[in-house]
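Laboratory data are not the source of any read-out in this text; all were calculated from the coordinates shown. The model shown is predicted, which means the values in this text are computed figures rather than measured ones. In this analysis, Cβ positions are derived from the backbone assuming ideal geometry, glycine residues included, and neighbour counts consider all displayed protein chains.
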Amino acid sequence: MENGEVQQRILQFIKARFPRAKKRNVDPSSALLESGIIDSLGMLDVVSMLEKDFGIAVLDEELVRDNFQTIAHIAEFVSRKSERKG
Amino acid sequence: MDFLLHHMLCTTAHRFPDKEALVHGHERLKYADVLRSVSGLAQALREIGIKRGDRVGIFLEHSVAQVIAIFGISYAGAVYVPINCLLFPNQLAHIAASCGMRVLITANSKLGSLLLVLPKIPTLEFVVTLSDSEAPSTPLRRFDFDEMTRNAVPRTWVDWGISRDLAAILYTSGSTGKPKGVMLSHANIMAGASIVSAYLEITDDDRILAVLPFSFDAGLNQLTTAFQKGSCLVLMNFVFAQEILQTLSEERITGLAGVPTLWTLLTQPNSGLLKQSFPDLRYITNTGGAMPQSVLSILRRALPSSKIYLMYGLTEAFRSTYLRPEELERRPTSIGKAIPDTEILVLRDDGTRCLPGEVGELVHRGPTVFMGYWNDPALTEKTLQANRVAPAEVGREEKVCYSGDLVMADDEGFFYYVGRRDTMIKSSGFRISPTEVEEILFQSGVVRDAAVVGVPDGMLGQAIKAFVVPQEGRVDPDELLAFCAERLPKYMVPKFIEVIPDLPKTNSGKVDYSELQRREGYESGL
């Protein structure tokens, strides 16, 4: 799957799941954590969506801010994981 | 003799000047450093004209500066008003205007978003800011926080207040209307620190991890117990459970306080909790709602050498009860018994005592009972009442705190939480007023009628559900949720919205909240 496509899938999920993302112009570079769009509990939902929709297993040590700052970061993380798997 | 909040810091700094007091990220301060900054800030506040009892707001993330501000304001003789960083500018403005705030301590990066609401706070004269970014221009006089903390303190310092004076106002939601200011005296806060540090057996060997905000009484209590005993307080903001676990290990944390959502996060299968051991972690405490039993059993397995304290408290009386760890096995759903130097009564509506097994209102008697609600004598009179079951020699002057929480006691005097007497919602450790959420729903303009209730939720304790009646046509629940999310802090945004043709009403025409809760399968004590 293309990186852009991955970004779109994540963006759609976030817009549908988090009310605060809907009204704001969230794009792949928007800060998700600092802006309060997604909190700790919300991130759990994002992780289970990634595991389900992209068929990856997120390891404990990968649950760090660097992988989840923005949609671009998440998509890059997913691509990295998928490559390793493929 | 220590009788004002900052006295505990002065005493500890003289006992342990070189001991680590505060850690946040790469910042590490000793007690002598903390006292120097605190007294410097106090002197600077007096120089700009702070008077005894002036209200000074603190709108900062968890940080060293936040701790310096709390103690510095007390040292100066003023009253501190902590404001949760999750709040929106309008809510901050309500709090600031309500308490007649004169000074606001915040960060340049936050000031920009507040510019529009500052004119709504007529009493506000100064802002004191952290220079974390360029300062936006404001019509108010602005001072630099760090510069203020570097002030020299005169050799003779005179405290202005006594222990019965107001030390802090903590804003919290009631069942109706806007947040109310809970007034705490220095004596309240000092007693809270002594009582809690006694039963948690806190000493100067402890290293306490603070993740709860200081605008929340249990969070504040971690700070005061640590500083009273000379422990080290480690501050952190987190997103992932991993970050907490890492800090527990790296900082050799001995004590951690949390609310149910924090424990739920930590016990998720991917948190890593069960793969590590935490031999230093002496105790954990839960407050702000019942801990789900499934979570509790994972924690007991994961932390075999840590004592688990289940506590119950309300801002108006700080902490009220706790369950001794050795009782956990036998009664994991109990909130325990009264904290030291405190009597907990369970009373019927007529003011007489309930029998074991009978549900009544929890009434708190002791030195942590608050002074009243700021500028709200009617609500104060309802909450602080004479002790009708007091021995004759105590008389009717002493006030006890009516919690609004329904509880019952078993034959051995252990208490169990049953529910709320009113419509207030308790979700993820926060108290939420249905009317505050309803007000925003009405502001959307698409809703003719709205009622908000708490529904059972495994993770949050209660989740917020809104019932709405459309103005005309149809209402898109997703659009309405998005509207709320732009105007309310996350913990106040409904999880569910249900569109219904009409709200159930009582005979007197008021919304029948108990009927709505019954529909949600809630057997409340209403």
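Given their separation in residues at 0.36 nm each and the Cα-Cα distance between them, B:ARG28 and B:GLU439 gain 143.6 nm when the chain is fully extended. Which lysines, if any, have their Cα less than 19 Å from the Cα of B:LYS505, not counting same-chain residues under 8 positions apart? Hits, sequence-local ones excluded: B:LYS465. Structural descriptor for region B:31-161: relative contact order 30 percent, calculated from alpha carbon pairs under 8 angstrom and at least 6 residues apart.
Toward the positive end of the charge dipole of chain B, with +1 on the Cβ of Lys and Arg and -1 on the Cβ of Asp and Glu, the farthest Cα among B:SER173, B:ILE189, B:LEU212 is that of B:ILE189. Centroid-to-centroid, using Cα positions, region B:1-36 and region B:46-111 are 21 Å apart.
Among the trypsin sites (Lys or Arg not before Pro) in region B:38-86, those located in a DSSP loop and surrounded by at most 14 other Cβ atoms within 10 Å of their own Cβ are B:LYS51, B:ARG52. Taking a sphere under 13 Å around the Cβ of B:TRP374 and counting the other residues whose Cβ falls inside, with K and R at +1 and D and E at -1, yields a net charge of +1.
If you take all other residues with their beta carbon under 11 Å from the beta carbon of B:ARG282, and give Lys and Arg +1 and Asp and Glu -1, the sum is -1.
Taken over region B:27-82, the percentage of Cα pairs per 5 Å bin, counting from 0 up to the bin with the maximum distance, is 5, 22, 30, 23, 15, 5, 1.
For region A:3-85, the gyration tensor built on C-alpha atoms gives a prolate shape. Its axis ratio a/c (a ≥ b ≥ c) is at least 1.5, and a/b is the larger of a/b and b/c. Given +1 at the Cβ of Lys and Arg, -1 at the Cβ of Asp and Glu and no other charges, the dipole of region A:3-85 around its Cα centre is 400 debye to the nearest 20.
With neighbours defined as other Cβ atoms within 10 Å of a residue's Cβ, the residues B:THR203, B:THR149, B:THR225 order from fewest to most as B:THR203, B:THR149, B:THR225. Contact order, relative form, for chain B: 11 percent (alpha carbon pairs under 8 Å, 6 or more residues apart, mean separation divided by residue count).
How high is the FRET efficiency between B:SER113 and B:ASN237 when r is their beta carbon distance and R₀ equals 22 Å, given to the nearest 0.05? Between B:SER113 and B:ASN237 the formula returns 0.75. Within the shell of other residues whose beta carbon sits under 11 angstrom from the beta carbon of B:SER271, the net charge comes to -1, with Lys and Arg scored +1 and Asp and Glu -1. Distance between the pseudo-spin-label points of B:GLU412 and B:ARG448 (7 Å out from Cα toward the beta carbon): 5.6 nm.
The ranking of B:ARG155, B:ARG319 by Cβ neighbour count inside 10 Å, starting from the fewest, reads B:ARG155, B:ARG319. Report, in order of residue number, the helices in chain A meeting two criteria: a C-alpha extent of 15 Å or more along the helix axis, and a mean Kyte-Doolittle hydropathy of at least -0.5; treat each whole DSSP H run as one helix. In chain A, the long hydrophobic H runs are A:40-54.
For the pair region B:314-359 and region A:11-49, the centres of their Cα atoms are 40 angstrom apart.
So for region B:101-201, what percent of the C-alpha to C-alpha distances run longer than 20 Å? Taking all Cα-Cα pairs of region B:101-201, the fraction more than 20 Å apart is 62 percent. In terms of Cα atoms, the Rg and Dmax of the protein assembly as shown work out to 24.4, 81 Å.
Classify chain B as rounded, prolate or oblate, taking a ≥ b ≥ c as the square roots of the eigenvalues of its Cα gyration tensor: rounded when a/c is under 1.5, otherwise prolate if a/b is larger than b/c and oblate if not. Taking the square roots of the gyration eigenvalues as a ≥ b ≥ c, chain B is rounded.
The calculated FRET efficiency for A:ASN3 paired with B:ASP478, based on their beta-carbon distance and R0 = 30 Å, is about 0.60. Note on chain B: dipole from Cβ charges, positive end direction compared against B:GLY360, B:ALA482, B:GLY161; the farthest Cα belongs to B:GLY161.
Magnitude of the charge dipole for region B:31-161, about its Cα centre and with charges confined to Cβ atoms of Lys, Arg (+1) and Asp, Glu (-1), is about 400 debye. Spin-label model, B:ASP280 to A:ARG84: label points 7 Å out along the Cα-to-beta-carbon direction sit 2.9 nm apart. Separation of region B:113-146 from region B:152-171 is 24 Å, based on Cα centroids.
When you restrict to C-alpha pairs under 8 Å that are six or more residues apart and normalise by the size of chain A, the relative contact order lands at 38 percent. Helices in chain B, meaning DSSP H runs of at least 4 residues, each add -39500 (n - 2.57). Divided by all residues, the mean residue ellipticity at 222 nm is -8500 deg cm²/dmol.
Extending 7 Å from the Cα toward the beta-carbon at both B:ARG519 and B:ASP204 defines two label points whose distance is 6.1 nm. Against the compact-protein benchmark of 2.2 N^0.38 Å, the Cα-based radius of gyration of region B:31-161 scales to 0.98.
Each of B:HIS26, A:HIS73, B:HIS186 has some number of other Cβ atoms within 10 Å of its Cβ, and from fewest to most they run B:HIS26, A:HIS73, B:HIS186. One chain, two ends: B:PHE88 and B:SER508. Fully extended at 0.36 nm per residue, the span grows by 147.7 nm beyond their Cα-Cα distance. Our coupling estimate for region B:182-198, obtained by passing each phi through the Karplus curve with A = 6.51, B = -1.76, C = 1.60 and θ = phi - 60°, is 7, 8, 10, 7, 4, 4, 4, 5, 5, 5, x, 5, 5, 5, 5, 5, 5 Hz, Gly and Pro reported as x. Assuming a ≥ b ≥ c are the square roots of the Cα gyration tensor eigenvalues, decide whether region B:425-519 counts as rounded (a/c under 1.5), prolate (otherwise, with a/b larger than b/c) or oblate. Here region B:425-519 falls in the oblate category.
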